[in-house]
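Structure record follows, encoded as structure tokens.
The values are calculated or read from the model by the stated rules, or taken from the named source; none is laboratory data. On a predicted model such as this, the values are computed, not experimentally measured, just so you know. Neighbour counts are summed over all protein chains in view; Cβ atoms, including those assigned to glycine, are modelled from backbone coordinates with ideal geometry.
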Amino acid sequence: MTTNKDLKIDAFNNPTNQRIIIKRCNLDDLDGVIKVNEEELPEDYPYFFYKSILDNYPESFLLAQNEQGKIVGYIMWRVEKSPSLDSLRYINKGHLVSIAVSQDYRKRGIAKSLLNHSMQAIRKYKIHEYVLEVRVSNYNAIKLYEQFKFQIANIKKNYYRDGENAYYMTLKNKK
């Protein structure tokens, strides 16, 4: 039961042959998204933060749900204006705020699908560059971002609350 705004995909490497649906997040989904975040990531955000991303960038706030409607993953972006490194103008950067997939649903292509669909959706905001931070120890995520041609631009020291460093990764939009 999906709307025309929903994207249907079959997740890869799905041993149960369970269909996974990628769709835009809505207000009723936020509790499920927060649950995935709290179970899978050490970084937690207050409810109003999710709501502000949803209100401002709804096209790029996507979720993955199983056939029973359980939310098993999500991705959210925001748009930031910042100076270009190679000119005197300001550009729009798509900043990946958070992505998570429930442990039982990993290695099925869900994160890749979320990233792919959301990057296409956020282009609406005339994105010149995509940026993200990722834990230097998160090898699987780094490999995923490298598949999309993200490159490590620098290291942010003590970026996370627990003191771990982050890679700051970037990707120019090829319009």
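Quick one: is Arg161 outside any strand (DSSP E or B), surrounded by fewer than 19 Cβ atoms within 10 Å (Cβ to Cβ), free of Cβ contacts under 8 Å to residues at least 60 places away in the same chain and basic (Lys, Arg)? Against the criterion (outside any strand (DSSP E or B), surrounded by fewer than 19 Cβ atoms within 10 Å (Cβ to Cβ), free of Cβ contacts under 8 Å to residues at least 60 places away in the same chain and basic (Lys, Arg)), Arg161 does not qualify.
Do we find that Leu63 is at pLDDT 95 or above, surrounded by 15 or more Cβ atoms within 10 Å (Cβ to Cβ) and assigned to a helix (DSSP H, G or I) in this structure? Taking the combined requirement at face value, the residue does not satisfy it.
Quick one: would you say Arg89 is farther than 19 Å from Phe61 by Cα and free of Cβ contacts under 8 Å to residues at least 24 places away in the same chain? It is true that Arg89 is farther than 19 Å from Phe61 by Cα and free of Cβ contacts under 8 Å to residues at least 24 places away in the same chain. With respect to being aromatic (Phe, Trp, Tyr) and touching a helix residue (DSSP H, G or I) at 6+ places or on another chain (Cβ under 7 Å), Tyr139 falls outside the description. When the test is whether a residue is part of a helix (DSSP H, G or I), under 13 Å from the mean Cα position of the chain (by Cα) and under 27 Å from Lys70 (Cα atoms), Ala111 passes it.
Might you check whether a residue that is part of a helix (DSSP H, G or I), touching a residue at least 60 places away in the same chain (Cβ under 8 Å) and small (Gly, Ala, Ser) occurs anywhere in the stretch 45-58?
Filtering the stretch 45-58 for residues part of a helix (DSSP H, G or I) gives 47-56, 58.
Filter once more, so that each one left must be touching a residue at least 60 places away in the same chain (Cβ under 8 Å): none.
Looking through the stretch 45-58, none of the residues is part of a helix (DSSP H, G or I), touching a residue at least 60 places away in the same chain (Cβ under 8 Å) and small (Gly, Ala, Ser).
For the stretch 66-82, the tally of residues that are assigned to a strand (DSSP E or B), in contact (Cβ under 8 Å) with a residue 12 or more places away in the chain and over 11 Å from Gly32 (Cβ atoms) stands at 7. Looking at this structure, is Leu85 modelled with pLDDT of 95 or more and outside any strand (DSSP E or B)? So Leu85 fails the test. Taken across the stretch 106-127, residues that are under 18 Å from Trp77 (Cα atoms), in contact with a strand residue (DSSP E or B) (Cβ under 6 Å, 6 or more places away or on another chain) and among the polar types (S, T, N, Q) do occur, with at least one present.
Output the qualifying pairs, or none if there are none: Cβ atoms under 7 angstrom, residues six or more apart or on different chains, first residue in the stretch 97-108 and more than 15 Å from Asn37 (Cβ to Cβ), second residue modelled with pLDDT under 95. Hits for this filter: Lys107/Asn13; Arg108/Ala11; Arg108/Phe12; Arg108/Asn13; Arg108/Asn14. Checking Gln120, Gln147 one by one, the residue that is without any contact (Cβ under 8 Å) to a residue 12 or more places away in the chain and over 11 Å from Met169 (Cα atoms) is Gln120 and no other.
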